[in-house]
Structures are given as C-alpha cells and as structure tokens.
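Engineer: Please see the structure below; I have some questions.
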Ligand code: HEM
C-alpha cells in the first residue's frame, strides 16, 4: 500500500519535474532579447562567452566579485549538493558506474558542506536587517526544505541506518515499471516525501535559476555591437 503510494508519488513528481523544467526552458529560449546588454567587461567572441559561463557555473565568478560571504556559503552548499547527488546515483544504477563509486567517500563529507552552506545562507536572512526585510516566505521555505532533506539523509547515514539495498530495488524497479517493497522507516519516508515535494515545486520555484542562468542575456551575449548589428527577430520583421 505504502510502496504503491510512494511509487505513484515519484512518477507524478518526475513528470512535474521533467515537463515543468522543459516548459520553463522553452519559455526562456523563446523570450525576446531586444537589446545588447552584456555586463561589461564582457567577452567579444562566442568562445569567450562559453568560458565566461563556465566560470559562472564552476566557481560562481560574478558572485565571488560581488559578495564573499554569500559566495562562501552558496558555493559550499552547491558543491556539497553536487557531490551528494552524484553519490545518490548508486540507488538508480546497476552495475554502479565507476565514477559513482569513486565519489562515495567524498559524498559523505559533502553532506556537511551542504548543510553548513544552507545554515549560513539562512542565518544571513535572519541576522541582516536588510536581508530580513526583503526575504519572502518562499525564500525561507526553500532553505527549510533543503535542510530537512539534508538532515533526514544524514540521520539515515550516521544515526539510524535504512535498508539501502531495498531502497535501490524499489527505485530501479520503478524505472522498469515494477513496484517493489519500500522500507517503511519514518525517516526514509520523510526524506523521500520531501524530495518528491522538491521535485514538484522545482519548476515553479526560485530553484529554476539552475537552468535559467544560461538564458540570462547579461551573461550570455557577445559584446560585439559595433562589429555586428544586434537585431531582434521582431524588429527584423518591422524592417521588411
Ligand atoms: C529519489 C531520490 C532520493 C533517494 C532515493 C534518496 C535516498 C537516500 C538514502 C537511502 C540515504 C542514506 C544513505 C546511507 O545510509 O548510506 C540518503 C542520504 C542523503 N540524502 Fe538522499 N535520497 C534522494 C534524494 C536526495 C536529494 C534530492 C537530496 C538533496 C537535496 C538528498 C540529500 C541527502 C543527504 C545530504 C544524505 C546524507 C549523506 C549521504 O549519505 O549521501 N537526497 N538519501
């Protein structure tokens, strides 16, 4: 009964995530960029833009330039999250890919970096008057949700073990449209329930900045307005 409920929940959550993110990406890709607005100093070639985006994604370059504290906690959180997620691949792959095996020991420590980063980012929204003023309930909710997922995961890892083989059988089963028994310990069910909520709200939350940042004209435009005239498609229509 519980297994079926969670199976349906995860099918629904996956559909929301994939279709929701797909629709958002389509919307961003079609949004007009009528003006040349790269933040200068900006690259003057396409290759330069690729390098700029690479630095944004890999070391959060512009955030580093603008605020060292947010950078520190934000970076800790994101790198921790990335390693934790890579580590989770072992629940979905059989045989487990070699690099997923390599990442296992780092993944464990990464969970500390992840929650430390989140706590720092959350503290800032309480301690700084200006940040407290501009924080919405959803800003707090996202941090609370990610922290609850992190803590429930760490609880299973360090305090009360769950049957991870059964978890794997359940999830690899779902990928073949079979419903197997899911262990029913409350912490696992909490962890998974919160993850499903995260997947469902991801496309309609601020977390959509992950794919969204690639569509930011101030970062992805080449700074060549003199060499090449910038003409938005709708403006080109008017010139005909
Ligand atoms: C369907 C997806 C997921 C499943 C099946 C899952 C399952 C698990 C399990 C079974 C553990 C315990 C590991 C152990 O005892 O060795 C765990 C730990 C953990 N999970 Fe998840 N989880 C999922 C998604 C996520 C997501 C999206 C996040 C982060 C946003 C997350 C964060 C963590 C953390 C921080 C830990 C503790 C460190 C670790 O063992 O890697 N999990 N998860």
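Engineer: Would you say residue 95 is assigned to a loop (DSSP other than H, G, I, E, B), at pLDDT below 95 and out of contact with any helix residue (DSSP H, G or I) (no Cβ under 6 Å at 6 or more places or on another chain)?
Structural biologist: Criteria met by residue 95.
Engineer: Could you say which residue among 48, 80, 20 is over 20 Å from residue 174 (Cβ atoms), modelled with pLDDT of 95 or more and within 16 Å of the ligand (Cβ to nearest atom)?
Structural biologist: 80
Engineer: On the given criteria, is residue 145 more than 8 Å from the ligand (Cβ to nearest atom), surrounded by 14 or more Cβ atoms within 10 Å (Cβ to Cβ), at pLDDT 95 or above and closer than 24 Å to residue 72 by Cα?
Structural biologist: Criteria met by residue 145.
Engineer: On the given criteria, is residue 169 surrounded by 14 or more Cβ atoms within 10 Å (Cβ to Cβ) and either part of a loop (DSSP other than H, G, I, E, B) or touching a residue at least 60 places away in the same chain (Cβ under 8 Å) (or both)?
Structural biologist: When the stated conditions are applied, residue 169 does not pass them.
Engineer: Here is a further query. Confirm whether residue 200 is within 10 Å of the ligand (Cβ to nearest atom), at pLDDT 95 or above and buried (at least 17 other Cβ atoms within 10 Å of the Cβ).
Structural biologist: no
Engineer: Related question: What single numbered condition from (1) closer than 30 Å to residue 51 by Cβ; (2) in a loop (DSSP other than H, G, I, E, B) fails to hold for residue 160?
Structural biologist: Just one mismatch for residue 160, condition (1).
Engineer: Based on this model, can you work out whether residue 213 counts as within 23 Å of residue 56 (Cα to Cα), under 21 Å from the mean Cα position of the chain (by Cα) and in a helix (DSSP H, G or I)?
Structural biologist: yes
Engineer: Follow-up. Which numbered condition in (1) within 21 Å of residue 16 (Cβ to Cβ); (2) within 10 Å of the ligand (Cβ to nearest atom); (3) out of contact with any helix residue (DSSP H, G or I) (no Cβ under 7 Å at 6 or more places or on another chain) is the only one that residue 163 fails?
Structural biologist: Single failed check for residue 163: (1).
Engineer: Which residues, taken from region 110-128, are without any contact (Cβ under 8 Å) to a residue 12 or more places away in the chain and either part of a helix (DSSP H, G or I) or surrounded by 17 or more Cβ atoms within 10 Å (Cβ to Cβ) (or both)?
Structural biologist: Hits for region 110-128 are 123, 126, 127.
Engineer: Could you count how many residues in region 63-82 are under 21 Å from residue 219 (Cα atoms), assigned to a helix (DSSP H, G or I) and more than 18 Å from the chain's Cα centre (by Cα)?
Structural biologist: The total comes to 4.
The values are calculated or read from the model by the stated rules, or taken from the named source; none is laboratory data. None of the values given here were measured: they were computed from a predicted structure. Every residue, glycine among them, receives a Cβ derived from its backbone with ideal geometry; neighbour counts consider all protein chains shown.
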